[in-house]
Amino acid sequence: MAGKVKWVTDIEKSVLINNFEKRGWIQVAENEDWNFYWMSVQTIRNVFSVETGYRLSDDQIVNHFPNHYELTRKDLMVKNIKRYRKELEKEGSPLAEKDENGKYIYLDFVPVTFMLPADYNLFVEEFRKNPSSTWIMKPCGKAQGKGIFLINKLSQIKKWSRDSKTSSFVSQSSKEAYVISLYINNPLLIGGKKFDLRLYVLVSTYRPLRCYMYKLGFCRFCTVKYTPSTSELDNMFVHLTNVAIQKHGDDYNHIHGGKWTVSNLRLYLESTRGKEVTSKLFDEIHWIIVQSLKAVAPVMNNDKHCFECYGYDIIIDDKLKPWLIEVNASPSLTSSTANDRILKYNLINDTLNIAVPNSDIPDCKWNKSPPKEALGNYEILYDEEMAQSDGADRDLRSRSGQSIGLKGYRARDSGKPVLTTWK
């Protein structure tokens, strides 16, 4: 091994630093020669900006793609998914098939969403079709549940607009842009409580797309039992699962932190709903993730110096349909419990093993396809190159007329008209 990896980070988290030190890597300052920089999204802007940016050499890698926000900003993610659907439709792809109500059969995985202020009139039109519905407002660029609120009356939006120090929607700057989405008001409840899934997905390259799913995701529970009652719309302990919010609740448990592992969820669902529907649910979740990455791949600056680990947030409704809520570019590395700390340490460890194979000095000319034994708790979710070389470049398998298979997967033939399991 020619020399040790020199590292820099601007995120002072022990789960990161312990992983670098364990490998015998050498810490250097930002203005010295470095090979590996684990940076915040603010810093990545400077590294790749036209004014302040600098050229990275072949032995340097960073943990974000330059324009990751195409996936991780709530408004841009939705815009890219909408564009992706339209393009598939134009191509006549069977993926873009719609049902008799005009809903996408395979690509309806994001709740109906509008940008405010830009789409205000479109939103009003939609709201009036179903005036009893609840909507959730989120600022485009904030995380950890900040600035989020629920509404069920148009007057609340008008009040929000006035309170935002402006009398007209049009004069608002993009900094104050919000997305408003139809609130999933029939979430699957466990013990009467709402939860969401946090899944970690590593992308090593977008073109060709190669992504990995971390097996140790978790569910985050609300501390207060769920009620769709409109009188509780402003009680965020009922509606938002973010630990940043829930940890302030009276019923927050500091030992398990209101978290379950994904494998526990799977066992619970298998025993209460059955194995088959549970497998179908998890296949659909994997499908959603790959489709969202495919939606942004054409616009992503696929810089060879980059990899990225995303935190996907998924909500499951009571019909066991998964919904993509958002994708985070900097999933929290703060540990709220002992188990959390172990999970995040291992997540970083396994991420580094894929991004920096054998702890060698990075080489951006390398094709970034590690052997299976190097994956740790990651499993390959989708590999476009492998799919094309297999000649399996079909996004839809017509087994039994309606099962969907993904390229790059070995589908398990059960002969039933269900989603194929890609393992």
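The values are calculated or read from the model by the stated rules, or taken from the named source; none is laboratory data. Computed from a predicted structure; not experimentally measured. All Cβ positions, glycine included, derive from the backbone under ideal geometry; neighbour counts span all protein chains shown. Calculation scope for accessible area: heavy atoms of the full protein, side chains included, ligands and nucleic acids excluded. Shrake-Rupley method; radii C 1.70, N 1.55, O 1.52, S 1.80 Å.
Compute the separation of the alpha-carbon centres of segment 32-72 and segment 335-391 and state it in Å as a whole number.
19 Å
Which aspartates and glutamates does Lys98 reach when only Cα atoms under 15 Å apart count, and residues fewer than 8 places away in its own chain are ignored?
Cross-link targets: Glu87, Glu89, Asp108.
So if I take the centroid of the Cα atoms in segment 257-295 and the same for segment 104-144, what is the distance between those two points in Å?
25 Å
Please sort 127-135, 358-366, 332-340, 345-353 by packing, taking for each peptide the average over its residues of neighbouring beta carbons within 10 angstrom, highest first.
345-353, 332-340, 358-366, 127-135
Can you work out the accessible area per residue across segment 1-115, with the rest of the protein chains kept in place, probe 1.4 Å, in square angstrom?
52 Å²
To the nearest 20 Debye, how big is the dipole of segment 1-95 about its Cα centre, given +1 on the beta carbon of each Lys and Arg and -1 on that of each Asp and Glu?
500 debye
Over 23 Å between Cα atoms: which of Lys280/Lys304; Lys153/Lys259; Lys194/Lys280; Lys74/Lys319 fall into that group? It would help to have the intermediate numbers written out before the result.
Values: Lys280/Lys304 35 Å; Lys153/Lys259 33 Å; Lys194/Lys280 21 Å; Lys74/Lys319 25 Å.
Over 23 Å apart, Cα to Cα: Lys280/Lys304; Lys153/Lys259; Lys74/Lys319.
For Ala374 and Asn186, FRET efficiency with R0 = 41 Å and r from the beta-carbon atoms, rounded to 0.05?
Efficiency computed from Cβ-Cβ geometry: 0.50.
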